[in-house]
Amino acid sequence: GQQVMQIPQYQHVQEGEDFTTYCNSSTTLSNIQWYKQRPGGHPVFLIQLVKSGEVKKQKRLTFQFGEAKKNSSLHITATQTTDVGTYFCAGHLATGTASKLTFGTGTRLQVTL
Amino acid sequence: GAVVSQHPSRVICKSGTSVKIECRSLDFQATTMFWYRQFPKQSLMLMATSNEGSKATYEQGVEKDKFLINHASLTLSTLTVTSAHPEDSSFYICSAAGGGNQPQHFGDGTRLSIL
């Protein structure tokens, strides 16, 4: 069935280092969304990408959607301790139910001083 | 941003008890609500999709009679875990969306522990 994998599963960085998580879908997506879940919290929507090859920035965060609309990445420049959490990509299938999201496996980020 | 309220946040009860969890969208009308289950350090697993006034659509492997979903209005959906057993212990999270491919707004989740 439909799978959305993220790598790495876990990453531990020192504050100030960069971080990237990669998201790969087995099937084409109509869009990709990114969520952040802090420890003990609930997922919070960060951004949505719709167009092939789209790049969006939010301060230190850069999001990309692949040309084939099957992969995406989130890059954080100069991480801070407030970036700690699990980052999930989630996509709507190009041919699936419009509202149903398939979540990626998640990347847990730990940032230490 | 949109606010989704989920209640209760924590439930501890004996095996065999039925537990009801409420999910409310406070400041927008949610065309669709979703119920997820999340195990520690794992991703969100969609259990069912709920549309106001119609029967919920359950994902493969999710028992309809075990997890009863009611979506009586555009702002309220409930999940009832019937005759809960220890294996039902988990973190249950609801989300609401305005329809189409809109972003989902999540409740705070309910941590269910069955003794």
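The values are calculated or read from the model by the stated rules, or taken from the named source; none is laboratory data. On a predicted model such as this, the values are computed, not experimentally measured, just so you know. Note that we place each Cβ from the backbone using ideal geometry, even for glycine, and neighbour counts take in every protein chain shown.
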* Has the range B:32-43 got any residue that is closer than 19 Å to B:Ser113 by Cα and more than 14 Å from chain A (Cβ to nearest Cβ)? -> no
* Structure fact -> Within the range A:71-107, of all residues that are of a type outside the set (Ser, Thr, Tyr), under 16 Å from A:Ile32 (Cα atoms) and more than 12 Å from the chain's Cα centre (by Cα), the one modelled with the lowest pLDDT is A:Ala98
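Results for (1) among the β-branched types (Val, Ile, Thr); (2) at negative phi; (3) at pLDDT below 90, shown as yes or no for each residue.
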{"site": "B:Ala2", "(1), (2), (3)": "no, yes, yes"}
{"site": "B:Gln6", "(1), (2), (3)": "no, yes, no"}
{"site": "B:Ser15", "(1), (2), (3)": "no, yes, no"}
{"site": "B:Ile21", "(1), (2), (3)": "yes, yes, no"}
{"site": "B:Arg37", "(1), (2), (3)": "no, yes, no"}
{"site": "B:Asn51", "(1), (2), (3)": "no, yes, yes"}
{"site": "B:Gly61", "(1), (2), (3)": "no, no, no"}
{"site": "B:Phe67", "(1), (2), (3)": "no, yes, no"}
{"site": "B:Ser73", "(1), (2), (3)": "no, yes, yes"}
* Can you give me the ranges of the strands (runs of 3 or more DSSP E) entirely in the range A:38-113 with at least 1 residues that are within 14 Å of chain B (Cβ to nearest Cβ) and either surrounded by 21 or more Cβ atoms within 10 Å (Cβ to Cβ) or in contact with an Asp or Glu (Cβ under 9 Å, 6 or more places away or on another chain) (or both)? => A:43-49, A:61-65, A:85-93, A:107-112
* Asked: Can you tell me which residues in the range B:48-85 are under 19 Å from B:Gly98 (Cα atoms), within 14 Å of another protein chain (Cβ to nearest Cβ) and touching a strand residue (DSSP E or B) at 6+ places or on another chain (Cβ under 6 Å)?
  -> B:Ala48, B:Thr49, B:Ser50, B:Asn51, B:Glu52, B:Ala56, B:Thr57, B:His71, B:Ser77
* Quick one: A:Thr20 ticks every box in (1) within 28 Å of A:Leu113 (Cβ to Cβ); (2) in contact (Cβ under 8 Å) with a residue 60 or more places away in the chain; (3) surrounded by 14 or more Cβ atoms within 10 Å (Cβ to Cβ) except a single one, so which number is it? => (2)
